[in-house]
Amino acid sequence: MSKLLEQIDSPDDLKKLSVHQLKLLAGEIRQFILASVSKTGGHLASNLGAVELTLALHYVFDFKADKLLWDVGHQCYTHKIITGRKADFARLRKRDGISGFPNPDESIHDQFAVGHAGTSIATAIGMAIGQLRSGRDDKIVALVGDASIVNGLSFEALNNLGLVKRQLLIVLNDNSMAIDATQGAVAKYFSKVRLSQTYEDLRKTTRNILEHMPIIGKSVDEAIERIKKSIRMVFPASQMFESLNIPYFGPVDGHDIESLIQLFEALSHLNHPAILHVYTTKGKGFRPADLVPSKFHSTGPFQINGDEVEPATDASGRSFTDVFGQHLTELAEKDNRIIAITSAMCDGTGLAEFRKRFADRFYDVGIAETVAVDIAAGLAKSGLKPVVCIYSTFLQRSFDQICQEVAMQNLPVVFCIDRAGVVGSDGPTHHGLMDIGFLRMMPNMVLTAPADEGELKLALEFALAEDKPVCLRYPRDLVPSNEFDRSACAEPFELGRAVFVRSSPDSAIAIVAYGSVLTEALKAAQLLEQDGIDVDVINARFAAPVDERIISLPSRYKGIITVEDHRLACGFGSAVLEAAAVTLPRPIIALGMPRTFLKHDSRNAQLMQGGINADRIVQTAKKMLSSAG
Ligand SMILES: Cc1ncc(C[n+]2csc(CCOP(=O)(O)OP(=O)(O)O)c2C)c(N)n1
């Protein structure tokens with residue numbers, strides 16, 4: 001480890017360094033991050049860009065008491081390195097190692113376990129109000145990227161920033177990038193501002209801010225007026241924030257650590273929320289990442305050969321994502337009604353080729369999952385065939401839009417839900433373990449999960465031919481090999497119909513698998529066969545509607561095992577249990593609302609439809625008793 005970094009075990013150690021030493025330390029930290037991530041994998045480019053910013057923040061504030069709120073949180077490596085977790089980087093994102101995102105279980109310096117975009121400003125507002133109410137004046141800083149600040153949640157929070165009557169600093173870390181280039185009108189405006197600024201302009205702005213910062217007796221508004229008078233910008237980035245009555249400072253150079261320290265020092269004394277806009281370079285200091293930051297946003301381990309980079313692990317094989325992207329492009333070739341929509345995850349969802357081939361039928365709406373879904377609803381209403389490609393964890397953001405604008409209207413939107421199931425090293429914020437649960441509740445919604453490459457193609461064709469909303473879920477994984485006989489899986493998809501992949505008249509147990517976990521079910525069947533036990537294996541294909549034949553299985557077998565890559569609560573197994581409970585020898589009858597959109601009526605009449613009425617409960621109980629004999 002390099003010389004200065006060796007001495008840093010806490011932010012207090014940092015505060016002993018001179019500015020010159022901090023600059024050297026920034027270089028050492030970049031090397032450390034690069035060396036670590038090349039071994040473990042992780043988020044590289046954003047972290048290389050945020051080194052000086054993080055050091056300056058820790059130099060000025062005391063985040064043991066002050067609160068630093070990260071947005072997404074993937075750019076927190078420098079923060080972790082200097083808050084006592086340097087040695088833990090050998091096990092970054094590995095079992096028992098540190099998380100790649102902020103995590104309060106690891107350190108007092110981390111406030112929230114985050115991983116989704118747009119949360120920092122709203123939670124900062126809450127904490128600022130909390131500080132006021134508890135009579136404390138710890139400083140609050142929200143650090144948010146230029147792609148995340150345009151997320152709806154961030155905007156709604158900015159709209160409410162007036163609730164805060166004390167210090168709250170928002171640091172806008174603008175690197176012109178999401179994972180790909182930032183999308184949308186604000187991004188275009190920010191990029192115009194950026195292009196109009198020279199390095200000297202940024203220095204001048206910094207000098208002006210420091211010169212005109214409010215001193216006792218002068219208001220922020222006066223200071224901003226003075227700053228504006230001294231900087232004449234063709235495209236002022238402040239416009240958007242000023243219209244929301246938020247004091248705006250910047251843009252300034254986010255790699256000039258000396259200026260950043262002075263700016264944070266000055267801004268920390270404001271008794272009002274404010275925004276500091278800083279420019280950083282994603283991938284700074286590592287040429288391959290600087291040149292193609294999207295490739296190094298999140299990476300697996302790699303080897304560095306000069307300016308060349310090679311994956312360290314053999315990543316051979318096709319993923320579900322690859323198969324999906326390629327097949328959608330093939331289908332779009334034949335059907336020009338197909339439109340692909342994603343929210344800032346073009347490469348991640350396998351749409352790079354589609355975008356290249358059909359630029360005018362591809363929409364990346366930025367980090368705006370809600371908007372992606374409602375645009376799709378509008379497209380479907382216009383007779384087009386929208387395919388919404390979002391990771392399972394981020395689709396949670398659009399729960400309401402899927403229900404109101406898609407399911408309730410019964411519109412044929414196809415949801416291609418990538419990263420469904422456990423996702424490995426990104427950890428709890430990124431697992432896709434709730435999609436079956438929240439989508440299964442929605443009337444009209446068809447839920448399907450292909451088990452392998454062939455099925456993914458068949459499921460996509462089926463979904464595009466349906467006249468209702470269909471969700472396809474598949475994992476972050478390679479498609480399975482041809483190790484087992486899967487000939488039954490070659491049958492075209494038919495709504496609510498499972499396939500029997502393996503059956504024998506002697507089987508006492510049936511394993512019902514939903515999605516790619518079919519492979520594990522087939523392996524289990526093979527192992528049991530070696531022990532002389534026959535089991536049947538059923539590929540459920542659908543979680544809504546569940547095949548009636550699956551529901552009646554308990555009458556044919558000694559036992560049924562369901563398998564899914566989803567949380568047990570509300571998942572596929574729950575769907576089978578719910579449906580099968582009425583056929584049990586001692587039935588469990590659940591009274592509640594049916595899976596339909598209930599029309600307007602009196603509340604009593606609506607409750608009646610679900611059987612929530614004393615008479616209906618009595619009837620049910622009596623029927624139960626009489627059939628029990
Ligand atoms: C709600 C949500 N959607 C998508 C993502 C996936 N994602 C992770 S980082 C990222 C880009 C963030 O860009 P920005 O905020 O500008 O930060 P930068 O990486 O440029 O520092 C995206 C889209 C996410 N974390 N949360």
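The values are calculated or read from the model by the stated rules, or taken from the named source; none is laboratory data. Given the structure is predicted, the values throughout are model-derived calculations rather than measurements. Cβ sites come from the backbone with ideal geometry, for glycine too, and all protein chains shown count toward neighbours. Ligands, DNA and RNA are excluded from the accessible area calculation, which covers all protein heavy atoms including side chains. Shrake-Rupley method; radii C 1.70, N 1.55, O 1.52, S 1.80 Å.
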Cα Rg, Dmax, region 498-547, angstrom units: 10.8, 35
Could you state the angle between the C-alpha long axis of helix 185-196 and the longest principal axis of the C-alpha atoms of the chain, as a value from 0 to 90 degrees rounded to the nearest 10? 30 degrees
Rounded to the nearest 500, what is the 222 nm mean residue ellipticity of the chain from helices alone, with -39500 (n - 2.57) per DSSP H run of 4+ residues and division by all residues? -10500 deg cm²/dmol
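Could you compute how fast region 89-217 diffuses translationally, taking Rh as the Kirkwood radius over C-alpha pairs and applying Stokes-Einstein at 20 °C with viscosity 1.002 mPa s? Give it in µm² per second. Numbers along the way, then the final one.
Working: Rh = 17.3 Å.
Rounded to a whole number, D works out at 124 µm²/s.
Of the heavy-atom accessible surface of the chain (probe 1.4 angstrom), what whole percent is carbon and sulfur? Intermediate results must be reported in sequence, preceding the final value.
Working: 14900 of 27840 Å².
After summing per-atom areas, the C and S share lands at 54 percent.
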What is the distance in Å between the Cα centroid of region 172-243 and that of region 522-578? 59 Å
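Can you tell me the alpha carbon radius of gyration of region 268-375 divided by the globular rule-of-thumb value 2.2 N^0.38 Å? It would help to have the intermediate numbers written out before the result.
Values: Rg = 18.8 Å, N = 108, 2.2 N^0.38 = 13.0 Å.
Expressed relative to 2.2 N^0.38 Å, the Cα Rg reads 1.44.
Where does region 392-471 land on Rg/Rh, using Cα atoms and the Kirkwood Rh? Don't jump to the answer; show the numbers that get you there.
On the way: Rg = 12.9 Å, Rh = 13.1 Å.
Dividing the radius of gyration by the Kirkwood radius yields 0.98.
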Under the 0.36 nm per residue contour assumption, what length would be gained going from the current alpha-carbon distance of Glu265 and Lys622 to full extension? 121.1 nm
Counting only heavy atoms of the protein chains, get the accessible area per residue of region 121-234 (1.4 Å probe) and round it to a whole Å² value. 50 Å²
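Can you flag which of Lys15/Lys284; Lys192/Lys228; Lys39/Lys282; Lys94/Lys356; Lys334/Lys356; Lys188/Lys295 are past 28 Å Cα-Cα? Write down the numbers at each step before the final one.
Numbers: Lys15/Lys284 24 Å; Lys192/Lys228 18 Å; Lys39/Lys282 20 Å; Lys94/Lys356 35 Å; Lys334/Lys356 16 Å; Lys188/Lys295 22 Å.
From the list (Lys15/Lys284; Lys192/Lys228; Lys39/Lys282; Lys94/Lys356; Lys334/Lys356; Lys188/Lys295), the Cα-Cα distance tops 28 Å for Lys94/Lys356.
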Convert 25 °C to kelvin, take the viscosity as 0.890 mPa s, use the Kirkwood radius over C-alpha pairs of region 213-316 as Rh, and evaluate the Stokes-Einstein diffusion coefficient in µm²/s, rounded to a whole number. 145 µm²/s
Restricting things to Cα coordinates, could you compute the convex hull volume per residue of region 39-98 in Å³? 94 Å³
If you place +1 on the Cβ of every Lys and Arg and -1 on the Cβ of every Asp and Glu, how big does the dipole about the Cα centre of the chain come out, in debye to the nearest 20? 1320 debye
Determine, at each q value in 0.12, 0.13, 0.19 (inverse angstroms), the log₁₀ of I(q)/I(0) that the Debye formula gives when each Cα of region 1-80 is one equal point scatterer. -0.32, -0.38, -0.82
In square angstrom, rounded to the nearest 10, how much accessible surface does Tyr248 have for a 1.4 Å probe? 20 Å²
The chain - percent relative contact order, Cα under 8 Å, separation 6 or more: 10 percent
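If the viscosity is 0.890 mPa s and the temperature 25 °C, what translational diffusion coefficient in µm²/s does Stokes-Einstein give for region 82-148 when Rh comes from Kirkwood over Cα pairs? Don't skip to the answer; put the middle values down first.
Working: Rh = 13.8 Å.
Result for D is 178 µm²/s.
Rounded to the nearest 5, what % of the DSSP beta bridges within the chain are antiparallel ones?
Working: 13 of 64 bridges.
Roughly 20 percent of the DSSP beta bridges within the chain come out antiparallel.
First measure r as the distance between the Cβ atoms of Ile304 and Asp12, then evaluate 1/(1 + (r/R0)^6) with R0 = 35 Å and state the FRET efficiency to the nearest 0.05.
On the way: r = 33 Å, r/R0 = 0.95.
For Ile304 and Asp12, the calculated efficiency is 0.60.
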Alpha-carbon Rg/Rh ratio, for region 238-283, with Rh computed the Kirkwood way: 1.01
Consider just the alpha-carbon atoms of the chain and return their Rg together with their Dmax, both in angstrom. 27.7, 91
